[in-house]
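Here's the structure, in structure tokens; my notes come after.
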There are 2 protein chains.
Amino acid sequence: VRIARFTDGSEPGFGVVEGSIEAGTAVIRGITPHPFGPFSFTGVRRGLGDVRLLAPVLPSKVLCVGKNYADHVQEMGGDTPPQRPILFLKPSTSVAGPGDPIILPSDSERVDFEGELAIVIGRLCRDVPVERAFEVVLGYTCANDVTARDQQKADGQWTRAKGHDAFCPLGPWIETDLDPADLPIRTTLDGELRQSSRTGLLLRDVPSLIAYLSSAMTLLPGDVLLTGTPAGVGPMSPGQTVAVTVEGIGTLTNPVTAR
Amino acid sequence: VRIARFTDGSEPGFGVVEGSIEAGTAVIRGITPHPFGPFSFTGVRRGLGDVRLLAPVLPSKVLCVGKNYADHVQEMGGDTPPQRPILFLKPSTSVAGPGDPIILPSDSERVDFEGELAIVIGRLCRDVPVERAFEVVLGYTCANDVTARDQQKADGQWTRAKGHDAFCPLGPWIETDLDPADLPIRTTLDGELRQSSRTGLLLRDVPSLIAYLSSAMTLLPGDVLLTGTPAGVGPMSPGQTVAVTVEGIGTLTNPVTAR
């Protein structure tokens, strides 16, 4: 099932996306109260082109890992992958939706895209064993872990570099029926292929990330886990468009603007 | 005004603390809907000893600065203070209330207290000029920026070390009528004085922190800013009690337990 958040001009809500995106016949059907438990249909039904999709979830936290693809570790100048996942948080104010502009802050000289597979947590959990990790997953979406590269280097801690408003586009929806083990992932800039990898190359795969992250802190329904970016990261300029595709989910597209 | 969150056994809510703590005559009067705008009294009125105080706010983010007292920079082995504030986030799942146990994780050998002045944001804001910083402040509370020191060193990024559940006690309440310019701040461990400083020694004072942090990201009502800890940090053991006092606010006391 594909779960999205949307507005048709009135109050935002969750909905289920049905039909073919490619054929242009997709519709969204409103659900209530939310997708983290049993839900029912509201009766609202709109053509996908007639609504605005929003970030598919409003997470209490976006918990991320750095350096989780070997080729990205190398391009960042590292020799060997870290012994354990490097954790960092992006604030909820950094979350943006599909189509929302990525706004380049005036105090950075270089802001990079980082296409990633994102895990959306479905239930409160703590100390999840690897073999039960999929039980706490609602589904998967695409993410762009936008990073002010110069601030990342200057600050040491990555919070400012990765925490600006709109630095965490998510979407276009949450795919709940998906095996994340080996999905092709691609990022394009103005249509040109810049990142191309597979989630099978994650140094820590989805179950082991969930086990590790949930051993560090309680995860809540709607929390988003970013799994790391492969090689090919690079800067964006105002006027460009960046798109992250994870096969089996869809494409998250965002324009880039100056502040 | 002192604003707390409390429960008398029924649903948690905000309240105003009135009367003398010292004389034992303090009461809490329930307010609705919340303290971030005009509120009215619910009619609930309880002796302060008859309710359980909770973390005075449930923040969407806890945004913190590191190395903001010169003597703490020195004790951590640094020569000079950082050029700009070092930012990091603690997740909302780390927030605990007065009296709640600080739970030492089994995978850390050393967990330190760090007593701090905390700022509670009163309204949505971005790019706040220094001279208008106080306009966005609801008030101030005490915080303990609990830190797994070994994990902080091992990870590089501080998220795991500072992000465990219950690693951010806040309280006992929010004092709204207070000049934060030069308040005595003290931390005791089992009654023994371990940190003693004044907020006048902050390398970046409250208005300049608000200006800097709000230039990095939007701040929301209820967001909490931790201003940094002075020298004297040290480890806690199960069975001990840690207390952070900021004069003009009160004392935040937490027992320490093993997981």
Exercise. If you add up the charges near A:PHE6, with Lys and Arg at +1 and Asp and Glu at -1, over every other residue whose beta carbon is less than 11 angstrom from its beta carbon, what do you get?
Worked result: +1
Exercise. Across 5 Å bins from 0, what is the distribution of all Cα-Cα pair distances for the range A:160-240, in whole percents?
Worked result: 3, 10, 17, 23, 24, 14, 7, 2, 0
Seminar exercise, completed: Rounded to the angstrom and largest first, Cα extents along the principal axes for the protein assembly as shown equal 74, 54, 48
Problem set entry | Charge context of A:VAL44, other residues only, Cβ under 9 angstrom, K/R +1, D/E -1 | +2
For this session: Enter the mean number of other protein chain beta carbons within 10 Å of the beta carbon of each residue in B:219-226, as an integer.
Result: 1
Problem set entry | A:VAL111 long-range amide H proximity, modeled H, under 5 Å | A:ARG149, A:MET236
For this session: Report ³J(HN,Hα) in whole Hz for each residue of the range B:25-32, in order, from the Karplus equation J = 6.51 cos²θ - 1.76 cosθ + 1.60 where θ = phi - 60°; Gly and Pro get x.
Result: 9, 5, 10, 10, 10, x, 10, 8
Exercise. Which of these, B:ALA118, B:ALA26, B:ALA70, has the largest mean-square fluctuation under a Gaussian network model of chain B (Cα springs below 10 Å)?
Worked result: B:ALA26
Exercise. Where is the GNM fluctuation largest for chain A (alpha-carbon springs, 10 angstrom cutoff): A:THR188, A:THR42, A:THR147?
Worked result: A:THR42
Exercise. Long-range amide H contacts for A:GLN240: which residues qualify at under 5 Å (H placed 1.01 Å from N, peptide plane, sequence gap of 5 or more or a different chain)?
Worked result: A:VAL256
Problem set entry | Computed P(r) (all Cα pairs; the range A:2-54; 10 Å bins; percent) | 28, 58, 15, 0
Exercise. Summing Lys, Arg as +1 and Asp, Glu as -1, what charge do residues with Cβ under 15 Å from the Cβ of B:VAL16 carry, B:VAL16 excluded?
Worked result: +1
Seminar exercise, completed: Inter-copy distances for A:GLY239, nm, shortest first, label points 7 Å along Cα→Cβ, are 7.0
Problem set entry | Gap separating the Cα centres of the range B:211-241 and the range A:29-87, nearest whole Å | 27 Å
Exercise. With respect to the symmetry axis carrying chain B onto chain A, which residue of chain B exhibits the smallest Cβ distance to that axis, and what is the value in whole Å?
Worked result: B:LEU89, 2
For this session: On each of the three principal axes of the Cα atoms of chain B, give max minus min coordinate, whole Å, ordered largest first.
Result: 54, 45, 29
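Values in this text are rule-based calculations from the coordinates and carry no lab data. These numbers were taken from a predicted model, which means no experiment stands behind them. Cβ atoms come from the backbone with ideal geometry, glycine included; neighbour counts cover every protein chain shown.
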